[in-house]
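Comments concern the structure below.
The values are calculated or read from the model by the stated rules, or taken from the named source; none is laboratory data. Just so you know, these numbers come straight off a predicted model, no measurement behind them. In this analysis, Cβ positions are derived from the backbone assuming ideal geometry, glycine residues included, and neighbour counts consider all displayed protein chains. Heads up: the accessible areas ignore ligands, DNA and RNA and are worked out on the full protein's heavy atoms, side chains in. Shrake-Rupley method; radii C 1.70, N 1.55, O 1.52, S 1.80 Å.
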Amino acid sequence: MTTGFRPPQPVLRPRRLRRTPALRRLAAETHVRPEDLVLPVFVKEDIPEPMPIPSLPRVLQHTRDSLRKAALDAVTAGVGGLMLFAVPAHRDPLGSAAVDPKGILNDAVRDVVAEVGNASVVMADLCLDEFTDHGHCGVLGSPDEWGEHTVDNDATLARYAEMAVVLAEAGAHVLGPSGMMDGQVTAIRSALDHAGHTNVALLAYAAKYASAFYGPFRDAVDSQLTGDRNTYQMNPANAIEADREVALDVAEGADLVMVKPAMSYLDIVRRAAELAPVPVAAYQVSGEYAMVEAAAARGWLDRDRAIVETLTSIRRAGASVILSYWATEAAERLR
Ligand code: PBG
């Protein structure tokens, strides 16, 4: 500068707390702990070997045996819980394998409970989409005036109620209703209580959006879906509606509520955390994982830093529990 102007010397200097790693650690507002993380896992019926999922590098479709091992590894790393999804060998319009006590999901729940006991929290997805031959989250009703089959809400509730009791009998500690049917928490809670399973908790997918970021998951469960889930999952444009969904699930008796996906919905996570008098979970979904893995594989970003940054952001937004396919690895690193 030729004018001789010098800006006044700052008195307030936020950079002081960023000077050394120790100062940054001391000033950190948000921490991700291994026990905040839940690992979603996939088990597939009748496969001889675990199978890779091309769109989810390092995630496997497990055999019953390899699932037990993965569960043990996760628990040894200190994760807070496991969320089980299953791919049955046979599918039908009603998703019958979901309510079969000897179905793959129920077998897998028993296996994992036997393996890890109460050392971690064993959760099971409560939805029909892996079990129906049309891939929808519920049973289909009769066609409407345009010939479209939509998911029949109340007929689906009866299936969920049945599935819940079977999963509770298999030993699941927590059930995760993910189908976005109206009244699902009430239906499931009353069925569980009626059957004496008053201690089985519900992690309700309260604000689950109709998202493109579920793409790789549909590979992971060999999804049969054609079309979309727009008549039951939420419109990504809506936030006030999420408040209502969260309030309803809390009123219906949800023990925890979930927002899903996580990263494109951090404002919704924050609203839920402010609104809900129960812990809020966020699901870092398959597409969020795949984006980072794909970019990192090309050397376009630093994978390890990106993982910690995404998890930290979700915690900072207000989630106390995070479902993530990186849970085991992140827990090992955070310990
Ligand atoms: C449905 C379900 C889905 C996911 C979890 N539960 C898929 C969907 O709604 O289409 C997605 C999870 C992910 O993408 O990681 N039961």
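Things to note:
- Summed over region 227-241, residues that are open to solvent by 70 Å² or more (accessible area, probe 1.4 Å) and either closer than 19 Å to Thr150 by Cβ or among the acidic types (Asp, Glu) (or both) total 5.
- Number of the condition not met by Val121 [criteria: (1) out of contact with any helix residue (DSSP H, G or I) (no Cβ under 7 Å at 6 or more places or on another chain); (2) open to solvent by 10 Å² or more (accessible area, probe 1.4 Å); (3) farther than 22 Å from Ala327 by Cβ]: (3)
- Counting only helices (runs of 4 or more DSSP H) that sit wholly inside region 147-242, those with at least 2 residues that are away from the ligand (no atom under 16 Å from the Cβ) are 153-170, 184-194.
- Filter pass, Ser66 being touching a helix residue (DSSP H, G or I) at 6+ places or on another chain (Cβ under 6 Å), polar (S, T, N, Q) and surrounded by 13 or more Cβ atoms within 10 Å (Cβ to Cβ): no
Each row is one residue, and each column tells you yes or no for (1) surrounded by fewer than 21 Cβ atoms within 10 Å (Cβ to Cβ); (2) closer than 12 Å to Val166 by Cα.
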position: Ala71; (1), (2): no, no
position: Thr76; (1), (2): yes, no
position: Gly81; (1), (2): no, no
position: Leu84; (1), (2): no, no
position: Val87; (1), (2): no, no
position: Leu94; (1), (2): yes, no
position: Ala98; (1), (2): no, yes
position: Gly103; (1), (2): no, yes
position: Ala108; (1), (2): no, no
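- Criterion violated by Ala282 - all others in (1) crowded, with 20+ Cβ neighbours inside 10 Å; (2) in a helix (DSSP H, G or I); (3) within 16 Å of the ligand (Cβ to nearest atom) satisfied: (2)
- Flag for Leu56 being more than 22 Å from Ala204 (Cα to Cα), open to solvent by 20 Å² or more (accessible area, probe 1.4 Å) and under 20 Å from the mean Cα position of the chain (by Cα): no
- In region 249-273, residue farthest from the ligand (Cβ to nearest atom) [restricted to those that are surrounded by fewer than 18 Cβ atoms within 10 Å (Cβ to Cβ) and more than 20 Å from Gly287 (Cβ to Cβ)]: Ala251
- There is at least one residue in region 121-135 that is modelled with pLDDT of 95 or more and away from the ligand (no atom under 16 Å from the Cβ).
- Single condition Glu130 does not satisfy, out of (1) under 20 Å from Ser96 (Cβ atoms); (2) open to solvent by 30 Å² or more (accessible area, probe 1.4 Å); (3) not polar (S, T, N, Q): (2)
- The set of residues in region 311-335 being part of a helix (DSSP H, G or I), among the β-branched types (Val, Ile, Thr) and under 17 Å from Val121 (Cα atoms) consists of Thr328 alone.
- Every condition in (1) within 16 Å of the ligand (Cβ to nearest atom); (2) over 19 Å from Asp182 (Cβ atoms); (3) acidic (Asp, Glu) is met by Glu245 except one, and the failing one is (2).
- Note on region 136-146: residues that are within 11 Å of the ligand (Cβ to nearest atom) and open to solvent by 10 Å² or more (accessible area, probe 1.4 Å) total 1.
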